Amino acid sequence: MNTQLAAGRDTPLWRRLAGNGPVLAGGTVAVVFVLAAAAAPLLAPYDPARADFQAALQGPGWSHWLGTDDLGRDQLSRVIHGARASMQVGVLAVVLAFLVGVPLGLVAGYYERFTDSVVSRVTDTLLAFPFLVLAVGLAAVLGPSLLNATIAIGVSLVPQVVRVARAETLRLKHLDYVQAALASGGGPGTVLFRHVLPNATSALLVQATVGIPAAIISEALLSFLGLGVQPPDPSLGVMLSGAQPYIAAAPWMAVFPGIAIVAATLAFNLLGDGVRDVLDPKGPKRGGR
Amino acid sequence: MTHAPSAPVAPSALELDGLVRHFAVRGGTVRAVDGVSLAVARGEVLGLVGESGSGKSTVGQCAVRLDRPTEGTVRVDGTDITRLSRRALRPLRRGFHLVFQDPSASLDPRMTVERIVAEPLRLHRLAHGEELQGRVSELLRLVGLRPESARRRPHELSGGQRQRVSLARALSVEPRLLVADEPTSALDVSVQAAVLNLFSDLQRDRGFGCLFITHDLSAVEFVADRIAVMYLGEIVEQAPTADLFASPRHPYTAALLSAVPVPDPAVERSRRRVVLQGDPPSPLAPPAGCRFHERCPAAVDRCRVEPPALRTLPGPVPRQVACHRVDEDGTPPQL
């Protein structure tokens, strides 16, 4: 058992990740989404905004694989471009949350006392709001646009990032090797950036992979409510919102963007769970060894 | 074995005066260290011995100011560092360093050996570029590691090798004081001797003063010039190593020494052993009077009331003991 564990620790990270079922499944779908989003203009068979009233409300068929909406726009093209918007918001919001949250968490964890009290109280207050309510509230204040939606979602993710970064700092700073860095003449910069941050990457990586699906869902929600992507630009949320009146007559209008949201969210959640299991030696071990 | 001069002219490598470290916990105060005074002369190895929980590690943490004493003063090489801020301490940290007990915890798992050993040199801006690399290889050679180890990470090394890396890092800045906190306790017995030998050789060659904290009496007998015995936050006896092992004065020291097995069955069978009853009392509520009286085979009424002071015994060698039952002339009680 011990030797197996030891061997597990020595296996390169990518190999351990590739051997994990959830990581493999979630990762594959996530990569498809990322590629689709990146190459949207090349992949989409039609202009996602071009209306064709002759072809309105067509079911899935050979010319429009996923059917058309009430304005005759190609659903497949809109889903692909919608995924692009989702990925953009997802990634940018998480990046924003990390740029703000990680430094705050590191500083709060390192200095404790006053700085920590202030940062932690503000974080706790923000955490008291459900994530989606916070995002919707902020987006409503900032005004409807994709950029503002991204900012709102990013800010809503900040408290969770602060928490993880702070907890990791608190855990790591009492370890002998961080104490040794202090004894070697290191200051806060050395401790935080050379020792704490590199050793906190696994926890932060996991946080990033759970942040992306959260951001994708909230983008869909904000766009559905009219606070995110503005029509006629496509977004999975905008599509769902537009499908509402036709839910009985043209169910494909809601089903396909809905499947896209579920698939993207599920994929990133599986990826996040799997990454956490692989990186956390104390976590549950899935899959046969 | 070199004894410290009785009246050192140069300042001691380390001088602790009335060191107190209390921790506030729910339900009271843990009196981890309660008035410890000791001095480590330049180039001297002072062994600090005690059971787990006696506060010996806390003394070490305070000595290098990784912890802040509640009271008392810490002087390193004559400089009072007790109340200096972290920032003000940083340049002074060239003068002292420490080796931790568990080398697998004290080396950053994400750094290479080279970067670990170079860190103090880099932080104190003592070398850079090729010179830094040269210094690191030199240090690795000094602690008996092959040059290839430089690019390894801690988990690729054995416990003994890791402790050698830790030693190389501590010695990189050529400190005048090294605090070694149980440096061999986490190692396999077979490796302990090798690391102790290395430590002893380096100490002789480089002449740093050392506070060697351990519960391992055979280790301390091998490396230390003098020994201080701690019990529940206080020093109960202090004497040159040979004298302490030959004739312990404090009943606790006698009990500790008699717990060391003798590798000769005949002697082992016939020798008298002092066996203590019970566990050390909680440092949350140390007993009144002498802290050792509850477990002391020689305790009398006075011991239960009056805490004994650490007093210097008459004689050619400087030794101190804190026990009412040790006579004026230094005769220990019959156990």
- [ ] Between B:Leu335 and B:Ala246, with labels modelled 7 Å along Cα→Cβ, what's the label distance in nm to one decimal, could you check?
- [x] 1.9 nm
- [ ] Name the residue farthest towards the positive end of the dipole of the protein assembly as shown from the options B:Ile235, B:Ala219, B:Val267, assuming +1 on Cβ of Lys and Arg, -1 on Cβ of Asp and Glu, about the Cα centre.
- [x] B:Ala219
TODO: Kindly provide the Kirkwood hydrodynamic radius of region A:14-279 in Å, to one decimal, from all pairs of distinct alpha carbon atoms.
DONE: 19.9 Å
Open item on the list: Let me check against my output: what whole-number percent is the relative contact order of chain A, with C-alpha pairs under 8 Å and at least 6 apart?
Closed with: 25 percent
Open item on the list: For region B:14-224, take every pair of Cα atoms, bin their distances at 10 Å starting from 0, and report each bin as a whole percent.
Closed with: 8, 34, 36, 18, 3, 0
Open item on the list: Taking each residue in A:164-177, count the Cβ atoms of any other chain within 10 Å of its Cβ, then average. What number comes out?
Closed with: 2
TODO: Sum -39500 (n - 2.57) across every DSSP H segment of at least 4 residues in the protein assembly as shown, then divide by the residue count to get the 222 nm mean residue ellipticity, nearest 500.
DONE: -15500 deg cm²/dmol
Open item on the list: Suppose every Lys and Arg Cβ carries +1 and every Asp and Glu Cβ carries -1, with no other charges. What dipole size does region B:14-224 come out with about its Cα centre, to the nearest 20 debye?
Closed with: 880 debye
Task: For chain A, with +1 on Lys and Arg beta carbons and -1 on Asp and Glu, the positive-most of A:Phe98, A:Pro251, A:Val141 along the dipole - done: A:Phe98
TODO: Restricting things to alpha carbons, tell me how big region B:194-262 is in terms of Rg and Dmax, in Å.
DONE: 12.6, 36
TODO: Within a 10 angstrom radius of each residue's Cβ in A:85-95, how many Cβ atoms of other chains show up on average? Whole number is fine.
DONE: 0
TODO: Among B:Ala41, B:Pro109, B:Pro147, pick out the residue whose Cα is farthest towards the positive end of the charge dipole of region B:14-224, where Lys and Arg carry +1 and Asp and Glu carry -1 on C-beta, about the Cα centre.
DONE: B:Pro109
Open item on the list: Can you give the FRET efficiency to the nearest 0.05 for A:Val32 and A:Trp62, using r as the Cβ-Cβ distance and R₀ = 35 Å?
Closed with: 0.95
TODO: Set the Förster distance to 60 Å, then compute FRET efficiency between B:Ala194 and A:Leu205 from the Cβ-Cβ distance, nearest 0.05.
DONE: 0.90
Open item on the list: So, R0 is 25 Å and r is the distance between the beta-carbons of A:Ala140 and A:Tyr246; what FRET efficiency does that work out to, to 0.05?
Closed with: 0.40
Task: Amide H within-cut-off set for B:Val99, under 5 Å, with H built and near neighbours excluded - done: B:Val179, B:Ala180, B:Asp181
Open item on the list: From zero outward in steps of 10 Å, how is the percent of C-alpha pairs of the protein assembly as shown spread across the bins?
Closed with: 3, 13, 19, 18, 15, 11, 8, 6, 4, 2, 0, 0
Task: For region B:249-335, convex hull volume per residue from C-alpha positions, Å³ - done: 124 Å³
TODO: Post the alpha-carbon centroid distance, region B:170-187 to region B:231-261, in whole angstrom.
DONE: 23 Å
Open item on the list: Please compute, for the alpha-carbon atoms of region B:149-210, the extent along each of the three principal axes and give them in descending order in Å.
Closed with: 31, 27, 18
Open item on the list: Cut-off 10 angstrom, C-alpha nodes, Gaussian network model of chain A. Which of A:Gly211, A:Gly242, A:Gly154 fluctuates the most?
Closed with: A:Gly242
Task: Within region A:169-289: Cβ-based charge dipole about Cα centre, in debye rounded to nearest 20 (Lys, Arg +1; Asp, Glu -1) - done: 540 debye
Task: Cβ-placed point charges (K, R +1; D, E -1), dipole of the protein assembly as shown about Cα centre in debye, nearest 20 - done: 260 debye
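Values in this text are rule-based calculations from the coordinates and carry no lab data. Please read all numbers here as calculations on a predicted model, not as lab measurements. Here Cβ is always computed from backbone atoms with ideal geometry, including for glycine, and neighbour counts include all displayed protein chains.
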